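All remarks here apply to the structure that follows.
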Amino acid sequence: MTPEATQKLAERIVRYRTNLGMSQEELAEKSSVALSTVRAVEAGEAYPALGIFVKLARALGQRLGTFMDDQFSPDPVIVRLADREGDRARHISKVSEGFTYFPLGAGKNDRHMEPFYIEIAADAEAKFSTHEGEEFIIVVSGEVELMYAGERHVLQPGDSMYYNSIVSHRVSAANGAPATIYAVVFTPMD
């Protein structure tokens with residue numbers, strides 16, 4: 001993620017939080033995100049990992065796209081492979097080192113899902129996550145490890161996983177090699 005994009009996200013989160021009359025401490029408590037992480041995100045020092053991003057958006061009563069979109073695109077939203085690099089969102093916080101997210105739904109303001117193409121480095125620091133909603137993932141290349149409810153699953157290219165994300169889960173590259181996936185995250189707004 002570029003410094004400009006990280007700062008834009010920080011400003012949007014601060015704006016929504018202050019419009020709700022919520023302190024950083026209240027946002028941390030309501031989202032179950034560490035206060036130090038909330039402060040780092042709002043200061044533009046870190047771009048949150050996907051699970052943390054979902055929790056912050058939910059606590060602010062918004063969908064992820066509210067913070068990611070810069071423009072509206074009429075249906076259908078098409079992201080060509082050659083153009084995908086321009087939407088690269090590199091996560092630079094320590095909580096998500098090694099994961100590179102390419103948002104695939106930006107511009108569709110009325111969406112209910114967040115689709116991504118994600119590159120996972122061999123040494124990515126995957127953390128366990130829980131948040132409301134569901135996730136659907138398809139492995140494109142490499143092997144991917146899903147730790148879900150204490151069970152380990154290794155998936156190959158073409159395999160998919162669909163699970164309730166309220167259950168503690170962790171997705172990472174398996175066997176010391178990088179991997180790529182398509183992921184769709186659904187977070188209910190009610």
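The values are calculated or read from the model by the stated rules, or taken from the named source; none is laboratory data. Note that this is a predicted model, so its numbers are computed, not measured. Cβ coordinates were reconstructed from backbone atoms using ideal geometry, including for glycine residues, and neighbour counts include every protein chain displayed.
Those residues that are crowded, with 16+ Cβ neighbours inside 10 Å and in a helix (DSSP H, G or I), I need them from the range 31-50; list them, please.
Ser31, Thr37, Val38, Ala40, Val41, Glu42, Leu50
Looking only at the range 83-92, decide whether some residue is over 23 Å from Ala173 (Cα atoms) and modelled with pLDDT under 75.
Within the range 83-92 (the criterion being over 23 Å from Ala173 (Cα atoms) and modelled with pLDDT under 75), the answer is yes, since at least one residue qualifies.
For the range 3-10, state whether one or more residues are over 16 Å from the mean Cα position of the chain (by Cα) and part of a loop (DSSP other than H, G, I, E, B).
Checked against the condition, which is being over 16 Å from the mean Cα position of the chain (by Cα) and part of a loop (DSSP other than H, G, I, E, B), the range 3-10 yields no hits at all.
Would you please name the residue that is surrounded by the fewest Cβ atoms within 10 Å (Cβ to Cβ), looking only at residues in the range 129-164 that are part of a loop (DSSP other than H, G, I, E, B) and modelled with pLDDT of 90 or more?
Ranking the qualifying residues of the range 129-164, first place goes to Gly150.
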